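The values are calculated or read from the model by the stated rules, or taken from the named source; none is laboratory data. Remember, predicted model here, so these are calculated numbers, not experimental data. Glycine gets a Cβ as well: all are built from the backbone with ideal geometry, and neighbour counts include every protein chain shown. Accessible surface areas use protein heavy atoms only, side chains included; no ligands, DNA or RNA. Shrake-Rupley method; radii C 1.70, N 1.55, O 1.52, S 1.80 Å.
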Amino acid sequence: PLNFSNQCINDIPDLCLRALKSTKRYSLPNNASGYTVAYQRCCRNGQIMNIEDPASNGATYTCTIPSAIRVGHNNSAIFKNYPPQIICLNTPLYYDHSATDPDPEDSLSYEFCDSYIGATTDDVKPFPPAAPPYSNVRWVADYSASAPIKGSPAIQINPVTGIITGTPRRLGRFLVTVCCHEWRRGVLINTTKREFQFVITDCSKAVVACIPQFSSDPNTYIIECKSYKVHFVNCSSGGFAYLWDFGVPGCTTCQSNDFEPDFTFPDTGIYLVKLLLNPGSTCPDSISRYVKIFPYFNTNFAFAGVPCPEQPTLFSDSSKATIKPVNYWHWNFGDGTECDSQNCTHRYNYGGTYNVVLISKNVKNCIDSAVKQVTIETFKPFAGKDTIIVKGEYIQFNATGGNQYSWLPATNLSNATINNPVGYYPDTGIFKYALRVISTNGCEGWDTITVRVVNEASFWLPNAFSPNGDGINDLFRPLSVGYKAIKYFRVYDRWGEQVYYSENLTSGWDGTYKDKKMEIGAYYWQIAYIDRYGSEGYLKGDVTLIR
């Protein structure tokens, strides 16, 4: 019958085990070499994954009877348990493969060992079987006699106890052979070998104890660095009763039956906390994780500097830790730049408010973060746009960006230390000014402006324009110097129809009329203006529209 009955597994696979036991008594004469008993058959299960060509290679099962002349009376070791028929994937394995020996003077040791190739498809039941020595099976790459199954932790057998442990990580059938060695007074006198298949299946446990891992440290639930109190999260399934042991040495009351308890640890240190599901029932399960208590740890920082673009700001770590040293820092300055030193100097290219984050960590892996806002002034010194005037005119400057201004040179200016001096230019020329601006926060910067002084008032209009949307020469409009205003600016097509009209010097024609693009060709314009003395005048000309 199926040697697997466990109500704690949801989906038991459909497997069976056939066992054949034969008993017969033989009387053999003593000899110095002892005897080898051999049994050969073909072939193995074709689904075995860790040896080559299992469906075409048979097996040889042997045992030895040591020489009575050499070792005296001897009983062979007898394995205690049937091999496990079902092993669950990703579930810790604990299987007792130990044996007993009726001879009190003998001791036993265990190891994974090789299996033998046996009969072939040409002779599936050879009799008598072939004489030793026998050839070993050929293992698939990454498998061997000592590592027949992939696992993490690795599947291994304890050489003293015979306990097989590990967690299998791959589905399938795997050949496993265990050798039990008999030792007498330090001398190996016999080896009993048992070969079997491990069937690893994706059976799901109905009861699973689960404590999550919130730390990067191995098998650690949490590293608590703010308090001695810890709230425990329970991610178990299939449980109806819970027993928490908080791992405090010598404390018999440091337990809880709550689903998700809170517990205050008595001191700093590392505690192994265990959760037992359904204690005393037929379906228990348990899990243990470390809890590391290292209060107190707090991340903090300060910053100083002139809050201006391109000016250095010093960021200084001020993290506090009971357990030192603090040995990790990571800064994010909120503008896409970072730093991994304890203290960092940073320059912001532009004004704005930035969220600065510092993550720090100490030698015990306590980790914390702090966020502060750093405001950098949006500082843009502006002297004004370059301009053209007629000689003998005044110009009113209007600089912005700060509260202290200094114009260099002071030529033709009414006051070189204010933002809006008046400039007077009695003669023609090109006058260039540099403006130094200082803000209320101490930000300092420069800008320039050029004033061109011409001899008389003028209009400038291009003889062609291209309203194609490329941002270059898309508008047809007059540029003027020395005129007070215009009465109108008109554009006509070649049939004399007016296609544009404006009374504003800053407006221009975009080459459309009634929301339609005008044809390529010549157009005619007229301007009626008022000069700076109040007199009216009239100008006309033509322009070519191209695309």
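General observations
- Residue list for the stretch 236-248, filter: part of a loop (DSSP other than H, G, I, E, B) and modelled with pLDDT of 95 or more: PHE246, GLY247, VAL248
- Candidates ARG477, ARG452, ARG436: the one that is surrounded by 13 or more Cβ atoms within 10 Å (Cβ to Cβ), among the basic types (Lys, Arg) and at pLDDT 95 or above is ARG436.
- Residue in the stretch 310-338 that is least open to solvent (accessible area, probe 1.4 Å), counting only those that are part of a loop (DSSP other than H, G, I, E, B) and within 30 Å of THR268 (Cα to Cα): SER319
- Per the listing ILE211, ILE164, the residue uniquely within 18 Å of THR100 (Cα to Cα) and of a type in the set (A, V, I, L, M, F, W, C) is ILE164.
- Restricting the first member to the stretch 311-324 and to residues that are of a type in the set (Val, Ile, Thr), and the second to residues that are open to solvent by 40 Å² or more (accessible area, probe 1.4 Å) and modelled with pLDDT of 95 or more, the beta-carbon pairs closer than 6 Å and six or more apart or on different chains are THR313/PHE303.
- Every residue from the stretch 480-493 that is within 16 Å of SER458 (Cβ to Cβ), among the aromatic types (Phe, Trp, Tyr) and either open to solvent by 20 Å² or more (accessible area, probe 1.4 Å) or touching a residue at least 60 places away in the same chain (Cβ under 8 Å) (or both): TYR483
- Candidates ALA464, ALA457, filtered to the one that is over 18 Å from ILE388 (Cα atoms) and of a type in the set (Gly, Ala, Ser): ALA464
Okay, residues lined up against (1) open to solvent by 60 Å² or more (accessible area, probe 1.4 Å); (2) among the small types (Gly, Ala, Ser); (3) touching a Cys at 6+ places or on another chain (Cβ under 7 Å):
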position	(1), (2), (3)
TYR134	no, no, no
VAL140	no, no, no
LYS150	yes, no, no
VAL160	yes, no, no
GLY172	no, yes, no
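- Filter pass, ILE530 being in contact with a Phe, Trp or Tyr (Cβ under 6 Å, 6 or more places away or on another chain), assigned to a strand (DSSP E or B), among the hydrophobic types (A, V, I, L, M, F, W, C) and in contact (Cβ under 8 Å) with a residue 40 or more places away in the chain: no
- Of all residues in the stretch 339-378, those being assigned to a strand (DSSP E or B), open to solvent by 70 Å² or more (accessible area, probe 1.4 Å) and under 26 Å from ILE323 (Cβ atoms) number 2.
- Scanning the stretch 265-309 for residues that are open to solvent by 20 Å² or more (accessible area, probe 1.4 Å), assigned to a strand (DSSP E or B), over 19 Å from CYS210 (Cβ atoms) and β-branched (Val, Ile, Thr) turns up just one, ILE270.
- GLY471 vs. criteria of a type outside the set (D, E, K, R) and either surrounded by 18 or more Cβ atoms within 10 Å (Cβ to Cβ) or more than 60 Å from the chain's Cα centre (by Cα) (or both): no
- Within the stretch 239-259, the set of residues being within 24 Å of THR91 (Cβ to Cβ) and surrounded by fewer than 16 Cβ atoms within 10 Å (Cβ to Cβ) comprises PHE240, ALA241, PHE259.
- Applying a threshold of 8 Å to beta carbon distances and a minimum spacing of six or more residues, or different chains, the list of pairs starting in the stretch 144-163 at a residue that is free of Cβ contacts under 8 Å to residues at least 24 places away in the same chain and within 18 Å of THR91 (Cβ to Cβ) and ending at one that is of a type in the set (Gly, Ala, Ser) and assigned to a loop (DSSP other than H, G, I, E, B) reads ALA154/ALA147.
- When the stretch 31-83 is limited to residues that are outside any loop (DSSP other than H, G, I, E, B) and among the charged types (D, E, K, R), the one that is least open to solvent (accessible area, probe 1.4 Å) turns out to be ARG41.
- Residue, surrounded by the most Cβ atoms within 10 Å (Cβ to Cβ), within the stretch 494-522, restricted to residues that are on the phi > 0 side of the Ramachandran plot and not in a strand (DSSP E or B): GLY511
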